[in-house]
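Worksheet: one structure, shown below.
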Amino acid sequence: MNSWLVDPCYFSAHAAAAGIAAPDPDLPKGTHLRLFPSAALGFPLAPFLVWPVEAFATDAPAMDWFTRDHRLLPALNLDAGGGELTGRRQMEAPSDARVAGIEARFQGSGELALLDRSGSRVVAARSSPRWLVAAPQITGLRLRGRGRVTLQGWVISAGRAIEALLGQQPFASLSLPIEGDQPWYAGGEGTAVALQRAERAASERWTRPDRPDGPFDALPPSAERARVAAFQADLDDDTQRLVGDAEKPPSLVQRTHLWEAAVALNGKRRPWQRATEWVQSSLLMKALDPGAGRYLGTATLLDNLLVPDNPFQPPGARGWLAAGLFAVGPAMRFELPDADAMELQLIERLMQLQPGLRGPAELAVQRHGLTLRAFVATALAAPPPDLPAAPEVLLGDAGWQREDEGPSIRFRQQLRIATPALATLVALGRLEADGWRTRHDMVDLTAATPDADPAERAAPRMLGNADKLHDGVFGIVSDANIDAGNAPWSYRVALADVFGRFGAATEIVVPTPPRPSLPQPVLRSHLQLAGRAAGDAAAVAGSVRWSVVVPALHEMTAGSRPLSRVVIDLDGALQDAAAPQDGGVLHFDFELPALLPMESRAVTATAHFEDDEGTPGPTVAATIAIHDPRTPPVPQTGIAIVWSSRPAPATDVEFRLRFTGVAGARYRAYLADARGLEIALMEGERPRTRAEVAVDGAQKGLAGLGLRDRFRLLTDTPLTPGGDGSVLFDTRLPRALETVQFLRFVPLSSQGNEAAFESCPLLPVAVPSDRRPPAPQVETRVDPVSGVATITVRAPGLDLVALRAAEPGLFDEPPAADARPPEYRLRRASGGVPEALYAREIGRGVLRRDGEEFVAEVDDSPTPEGLSAYVRYHYWAELRMPPERRLPPGVAEIPLPAGAVEPLQPAQRLDAPSAFSSASAPAMAMFVPADIPALPDGSVTVTVGAGAAAGTWRLTLAIRGGPVAHPRAVGGFRVQVHLKLDDGDWAPEAAAVPLDSGALDLVIERAVPAVPPVPALQLALVLVDPVGREAPLLRVAATPV
């Protein structure tokens, strides 16, 4: 690829060879050349130079051929495609040769058209011989016809092009209308050459912009000069501004238009406005007009045609090269390919041909850091293409125009052209009462050319482009100041090709656009609420004033009808008023409905405007919520203490309450300490009980105690009733709290209206005390006859001051009947190990005052016979202070109504049991019968006889029905045996023998000390009880056997 043969999107050219086969009514004979430099490059630093170059025929580019229904054909076959095929150029390897044209040969008639990349817009078309079309870039074709058709391409070779550029003199030059050299332009040829160029190539007949319906009569030869002269001064000023400031490159030259703020005669204000115009882009836009383009050096007529001189040889084709030296900025360095060696030679060649280029080149490079680039555009001189076909015209957006006074009577209309052919100009005409008339602005030619004939011509109109419409891409043209009273109007739209030739026109009917909808009112409300009513009856909530801003006509959308009336409805109550023509604010006052306590209601107002024809506009609705300001009922509480859970090892205790709430209400819980509420904790020198403090605080709450700053909020999020209407309060308090706390529930309505703080009662709450009194002392004694144990529990070290304060009646003589003494709990265990773990409770009771101490005596008889004999019994006692009262003695609480604040657990509203002390030291008791049991008569059998071995005797002793000791007794019964042989002495056996369940079997066998072998034996038996006491001696003679 060659860097100097630039992409057509930056610089392109079109050429048409007119007058070879037949004259063209709009193009004088010769080659018409049009150049299109992009705004990215702008104008060159010196006139464009033009060279001819011979094109050569080659195979047509490879194409994929599709039918109308987008079916791909394997090869070019018009008959298979139903008479029409569309070809899309296949991808090819880069080449130095540029395909500049396509030629077709049909068997009969046919049409060849070049299409743009989208495949829908026609770039150029030919429907008669010679079927040769050209464009800067060949991307797609359309063929129409029947029978066999062949295609060939026409190529401009880069090699031939560079040979012509470097080795031949240019055929022509195209200069800006500049005289001589300027900072940014060299070798200007002046305005005279520019005017002559514009006059030579112009059409010499009327055109559609002047006469939408013709006739297109001939014009004098000077007509185009006069037309161009009419805007020559503007073009000259722009050109001089573009290239005359050495401090500013042409791409940065701007023109600023200012409109000062002003007030019109009708009172309307025009704001200050400023618009900035890029001069180079503006000149390129103006150059789209063929006459302006020739004047500005982007179009010309070349006296050079390739006329075939041998009718028996295929005609050839001539290409044209247009070259220019451009100064490009840094942004383009990343878009354009780097300059190759040939481009650098071309830069030197252009500077040789145009010596004055040195100055602008040095200015661009050395002072402004721009880059010099030489670019060439190619064009194939094909026969003039067919005139543009009648465009497909659609109605686009329409809008009303604002009048100085009164409603709009004129409108503007946009016309959309679907997939327009390659075109620069558009002609717009309208059918009026006296025939078709142009809708172009008319230019007075006599101002610049007094003897101009004709005296006025239609100003050119460019075809706009809208590529961001939601429904597609269109060419657009608009008309304004359309009289609505005579609508609908018939319009004609025609397009011109790049050489300024207008094609067939399309007619379209433009109706009156619909009037804009009336504006939707904006409602503003101002509430005047009534005071808080007393009682439970419905009460009027207050009043509301609705304000409606009425716009004046000039403040409404253009095309709107004047407003005549404002109508507003508030829940069926209707009011209306005449709309002020100059705009303003209208007020409508309504009374609000009556509300029940805490009731909320939404009231809706609707409003709309009506115009002077009685047509209603859109309705707006505004809803306001009104609320009765009365607060929910205050939850009722008692005056007695409500206890928390008992203290445990955790640092906190639980506290739970419940009461019946009101739907929609919320409740805040506050807590304060008795000290913070300045409730006396002492009565003289006596500390008050917590029950006394509780009742005192609750009574003050009922009397209207406020002190809100002494309370702390417990519920960051207010409490709300559950599905059953109950409000649950669950919190935790420090277990170490000893003073009475006061809880206050303050209700709020759904709108945040809070009951008076001082009107909410105080609920006394406290943590049950876990203080333990000292351990008691326990004494025991046992009746040796009845076996009944008497246990005495003594409570030394009690806090008599606190006890006297809590239960003063205890210290009366006699004690008061309702006085509550301290309590004890007695436990017992039997056996040899004194371990309280195995003891079980055997009784509870109260202690009686005995002087300065409290004592209790308890008889214990585990069995009907009292204590089990010889068993050790151990006793432990614990004591506690009387239950802490919720209310002081003599004070009663009135039963609370249903739904009042109450604890969840019944124990929370009972007097709080005190904590038991530690267990006392164990006290032991044992029943030892006064009389020692004896062996019953007949319970002893004794025999003596010969032993089993020779020379021995055997004594057999059997005891049955002897006394039995308890299994847990300290020991069992034993028998001490004494023997007497014949007349000898009594001798005791070594040890006493225990009875087993009251029985004994004893055998004694010994050797015979003398003759006779079996002695006469006597036994003396002594019964020993478990504690070692001996019963009277029992003598028994052994029976010989």
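Just add up the charged neighbours of ALA605: K/R +1, D/E -1, any other residue whose Cβ is under 14 Å from the Cβ of ALA605.
Local charge sum for ALA605: -2.
Can you give the FRET efficiency for ARG105 and GLU507, using 1/(1 + (r/R0)^6), R0 = 30 Å, r = Cβ-Cβ distance, to the nearest 0.05?
0.25
Along the charge dipole of the chain, which of LEU681, THR619, ALA458 sits closest to the positive end, that is, farthest toward it, with unit charges on the beta carbon of Lys, Arg, Asp and Glu (+1, +1, -1, -1)?
ALA458
Using the per-residue mean of other Cβ atoms lying within 10 Å as a proxy for protection, in what order, highest first, do the peptides 254-260, 684-690 fall? Before the final figure, lay out each step's value.
Working: 254-260: 10.0, 684-690: 15.1.
Sorting 254-260, 684-690 by mean packing, highest first, produces 684-690, 254-260.
Roughly speaking, what is the centre-to-centre gap between segment 969-1005 and segment 424-497 when only Cα atoms are used, to the nearest Å?
Each part's Cα centre sits 153 Å from the other's.
With the dipole of the chain worked out from charges on the C-beta (+1 for Lys and Arg, -1 for Asp and Glu) around the Cα centre, which of THR956, PRO315, GLY945 lies farthest toward the positive end?
PRO315
Taking the Cα centroid of segment 54-123 and of segment 882-948, what is the distance between the two, rounded to the nearest whole Å?
Using only Cα atoms, the two centres lie 118 Å from each other.
Could you tell me how far the Cα centroid of segment 9-30 sits from the Cα centroid of segment 318-358, in Å?
Using only Cα atoms to place each centre, the spacing works out to 26 Å.
What trypsin sites (Lys or Arg not before Pro) in segment 53-101 are in a loop by DSSP, with at most 13 other Cβ atoms within 10 Å of the Cβ?
When the trypsin sites (Lys or Arg not before Pro) of segment 53-101 are filtered for loop state and at most 13 Cβ neighbours within 10 Å, ARG68, ARG71 remain.
Note the full-extension length gain between LEU1002 and ALA262 as 0.36 nm times their separation in residues minus their Cα-Cα distance, in nm to one decimal.
Values: separation 740, 0.36 × 740 = 266.40 nm, distance 14.70 nm.
Length difference between fully extended and current span is 251.7 nm.
If I take every Cα pair under 8 Å that is 6 or more residues apart in the chain, average their sequence separation and divide by the length, what percent do I get for the relative contact order?
It comes to 8 percent, rounded to a whole number.
Among DSSP beta bridges whose residues both lie in segment 366-474, state the antiparallel percentage, nearest 5.
100
May I ask you to compute the full-extension gain from SER918 to THR863, defined as 0.36 nm times their residue separation minus their alpha-carbon distance, rounded to one decimal in nm?
On the way: separation 55, 0.36 × 55 = 19.80 nm, distance 2.84 nm.
Contour length minus Cα-Cα distance gives 17.0 nm.
What number comes out for the charge environment of ILE178, summing +1 per Lys or Arg and -1 per Asp or Glu over other residues with Cβ under 10 Å away?
Local charge sum for ILE178: -4.
Take the alpha-carbon positions of segment 777-926, form their convex hull, and give its projected area averaged over all directions (one quarter of the hull surface) in nm². It would help to have the intermediate numbers written out before the result.
On the way: hull surface 47.9 nm².
Reported value for the Cα convex hull: 12.0 nm².
State to the nearest 20 debye the size of the charge dipole of segment 638-786 about its Cα centre, where the only charges are +1 on K and R beta carbons and -1 on D and E beta carbons.
160
Would you please give the FRET efficiency between GLN345 and THR446, computed as 1/(1 + (r/R0)^6) with r the Cβ-Cβ distance and R0 = 45 Å, to the nearest 0.05?
So the FRET efficiency works out to roughly 0.30.
Can you give the relative contact order of segment 940-1040 as a percent, counting alpha carbon pairs under 8 Å and 6+ residues apart?
34
Give, as a single signed number, the net charge of other residues whose beta carbon lies under 13 Å from the beta carbon of THR239, with Lys and Arg counted +1 and Asp and Glu -1.
Net of charged neighbours comes to -4.
Compute the orientation-averaged projected area for segment 642-766 from the convex hull of its Cα atoms and round it to one decimal in nm².
If you wrap the Cα atoms of segment 642-766 in a convex hull and average its projections, you get 8.5 nm².
Suppose every Lys and Arg Cβ carries +1 and every Asp and Glu Cβ carries -1, with no other charges. What dipole size does the chain come out with about its Cα centre, to the nearest 20 debye? Before the final figure, lay out each step's value.
Working: 101 positive and 123 negative charges, 235 e Å.
Result for the chain is approximately 1120 debye, rounded to the nearest 20.
If r is the Cβ-Cβ distance from ASP985 to SER786 and R0 is 51 Å, what FRET efficiency results, to the nearest 0.05?
About 0.70, to the nearest 0.05.
Highest mean first, what order results for 1025-1037, 818-830 on Cβ atoms within 10 Å?
Top of the packing list down: 818-830, 1025-1037.
Report the label-to-label distance for LEU707 and ALA40 in nanometres (one decimal), using points 7 Å from each Cα along the Cα→Cβ vector.
So the two model labels end up 8.6 nm from each other.
With each run of n ≥ 4 DSSP H residues scored as -39500 (n - 2.57), what mean residue ellipticity at 222 nm is computed for the chain after dividing by its residue count and rounding to the nearest 500 deg cm²/dmol?
Rounded to the nearest 500, the figure is -2500 deg cm²/dmol.
Just so you know, all these numbers are worked out from the coordinates, no wet-lab data involved. If you're wondering where the values come from, they're calculated on a predicted model, not measured in any experiment. No Cβ is skipped: glycine too gets one built from the backbone with ideal geometry, and neighbour counts run over all protein chains shown.
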